[in-house]
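J.: My questions all concern the structure below.
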Amino acid sequence: TIDKAIHLTAKEKESFNIAILGIGGGSHDGPDLSDTIILANVNVKQNKVHMFSIPRDLWISDVQDKVNAVYAEAKKKDNGIPAVEDIIQKITGQKVDYVVVLDFEGFTKLVDYLGGIDVDVTNTLDDYHYPLEGKEEDSCGKSNEDIEAFVATASAEPDLWEYFPCRYEHLHVEKGINHMEGQKALEFVRSRHGVGSEGSDFARSRRQQLVITALKDKAFSLGVILNPVKL
């Protein structure tokens, strides 16, 4: 059996690095693509966590692919974790001590298990094209002939939300403290089409870091620490 526990060495009791990968999992397109990649340094002595997000579209010449495909491709050869450790060390110059891989279901379960989290949202988020779970193939009342004609004449990356509006919803999160259950937290970190600057991958990375900070705060709150079941 694989030992998944963390056993800190004497050196790591001062500081260690964790690579956090977020993948879709399940039936999602590219279930093992790591569209979230964060290197977190845990400084035990200072009681601080520093996070560095690696853009998912970063091109890696060694493998002739984007960085978000490294784990997915290497996993096919049962080499996913070592490949991630190696590539992140090459990018950042930092040794990776541990790797955590979390899919959508695991993420929402974690947030819900903690009783939700309180996220200090920096900028109001409005995403009018957030994809609805289970609606990915909905025809939205269009006939097969209409869809075939659309595909034949559409550009390389068509605006699918204009032709299939029933597949999407408006996601709105106000600036300030927001209490989020698992599903809302997932939507907040997944959103890619926010209005203005919130539509960039960099804004998405910042939102992911905000949520991880909120998770850390909740995990170390008295309500969790004093609850043996949650702990």
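The values are calculated or read from the model by the stated rules, or taken from the named source; none is laboratory data. Computed from a predicted model, the values in this text were never measured in an experiment. So basically every Cβ, Gly included, is an ideal-geometry build from the backbone, and we count neighbours across all protein chains shown. With ligands, DNA and RNA removed, areas are computed over all heavy atoms of the protein, side chains included. Shrake-Rupley method; radii C 1.70, N 1.55, O 1.52, S 1.80 Å.
J.: Which one is nearest to Arg192 (Cα to Cα), of the residues in segment 57-88 that are open to solvent by less than 70 Å² (accessible area, probe 1.4 Å) and among the small types (Gly, Ala, Ser)?
T.: Ala69
J.: Moving on to the next point. Any idea how many residues of segment 158-186 are open to solvent by less than 20 Å² (accessible area, probe 1.4 Å) and touching a residue at least 60 places away in the same chain (Cβ under 8 Å)?
T.: Summing the residues that are open to solvent by less than 20 Å² (accessible area, probe 1.4 Å) and touching a residue at least 60 places away in the same chain (Cβ under 8 Å) in segment 158-186 gives 4.
J.: Could you tell me which residue of segment 194-231 is farthest from Asp118 (Cα to Cα), considering only residues that are part of a loop (DSSP other than H, G, I, E, B) and open to solvent by 80 Å² or more (accessible area, probe 1.4 Å)?
T.: Keep residues of segment 194-231 that are part of a loop (DSSP other than H, G, I, E, B), which gives 195, 200, 220-221, 226-231.
Adding the requirement that they be open to solvent by 80 Å² or more (accessible area, probe 1.4 Å) leaves 195, 220, 226, 228-229, 231.
Details: Val195: 23, Phe220: 13, Leu226: 19, Pro228: 21, Val229: 20, Leu231: 18 Å.
Among those residues, the one meeting the criterion is Val195.
J.: From the list Asp118, Asp112, Asp127, pick out the single residue that is part of a helix (DSSP H, G or I), within 27 Å of Ile20 (Cβ to Cβ) and acidic (Asp, Glu).
T.: Asp112 is the lone residue from the list that is part of a helix (DSSP H, G or I), within 27 Å of Ile20 (Cβ to Cβ) and acidic (Asp, Glu).
J.: Quick test of your reading of the structure: Ser155 fulfils all but one of (1) part of a helix (DSSP H, G or I); (2) polar (S, T, N, Q); (3) more than 22 Å from Tyr113 (Cβ to Cβ). Name the failing condition by number.
T.: For Ser155, the exception is condition (1).
J.: Got a sec? Which of Ser197, Ser155 is among the hydroxyl-bearing types (Ser, Thr, Tyr), out of contact with any Lys or Arg (no Cβ under 6 Å at 6 or more places or on another chain) and free of Cβ contacts under 8 Å to residues at least 24 places away in the same chain?
T.: Ser155 is the lone residue from the list that is among the hydroxyl-bearing types (Ser, Thr, Tyr), out of contact with any Lys or Arg (no Cβ under 6 Å at 6 or more places or on another chain) and free of Cβ contacts under 8 Å to residues at least 24 places away in the same chain.
J.: Can we say Asp138 is free of Cβ contacts under 8 Å to residues at least 60 places away in the same chain, over 30 Å from Glu169 (Cβ atoms) and not hydrophobic (A, V, I, L, M, F, W, C)?
T.: Judged against the criteria, Asp138 is not a match.
J.: Next question. Which condition breaks for Cys140 when tested against (1) open to solvent by 60 Å² or more (accessible area, probe 1.4 Å); (2) more than 24 Å from Met51 (Cβ to Cβ); (3) out of contact with any Ser or Thr (no Cβ under 9 Å at 6 or more places or on another chain)?
T.: (1)
J.: May I ask you to list pairs of residues, at least six apart or on different chains, whose Cβ atoms are under 8 Å apart, with the first in segment 212-231 being more than 26 Å from Leu21 (Cα to Cα) and the second being in a loop (DSSP other than H, G, I, E, B)?
T.: Gly223/Gly115; Gly223/Lys230
J.: Return yes when Lys45 is in contact with an Asp or Glu (Cβ under 8 Å, 6 or more places away or on another chain) and exposed (fewer than 10 other Cβ atoms within 10 Å of the Cβ) and no when it is not. Break it down stepwise before answering.
T.: Values: in contact with an Asp or Glu (Cβ under 8 Å, 6 or more places away or on another chain): yes; exposed (fewer than 10 other Cβ atoms within 10 Å of the Cβ): yes.
Criteria met by Lys45.
J.: Moving to a separate point now. Checking the condition at pLDDT 95 or above, within 16 Å of Val189 (Cβ to Cβ) and either open to solvent by 50 Å² or more (accessible area, probe 1.4 Å) or out of contact with any Leu (no Cβ under 8 Å at 6 or more places or on another chain) (or both), which residue from Asp118, Asp127 passes?
T.: Asp118
J.: Out of all the residues in segment 132-179, which are farther than 23 Å from Arg207 by Cα, touching a helix residue (DSSP H, G or I) at 6+ places or on another chain (Cβ under 8 Å), hydroxyl-bearing (Ser, Thr, Tyr) and modelled with pLDDT of 90 or more?
T.: Result: Ser139, single match.
J.: Do you know which residues across segment 33-52 are closer than 22 Å to Phe188 by Cβ, without any contact (Cβ under 8 Å) to a residue 40 or more places away in the chain and part of a strand (DSSP E or B)?
T.: Once the filter is applied, which keeps residues that are closer than 22 Å to Phe188 by Cβ, without any contact (Cβ under 8 Å) to a residue 40 or more places away in the chain and part of a strand (DSSP E or B), segment 33-52 yields Asp35, His50.
J.: Are there any pairs, at least 6 apart or on different chains, whose C-beta atoms fall under 9 Å, with the first in segment 53-76 and touching a residue at least 40 places away in the same chain (Cβ under 8 Å) and assigned to a loop (DSSP other than H, G, I, E, B) and the second open to solvent by 80 Å² or more (accessible area, probe 1.4 Å) and of a type outside the set (S, T, N, Q), and if so, which?
T.: Taking only residues 6 or more apart or on different chains, the pairs are Pro55/Phe202.
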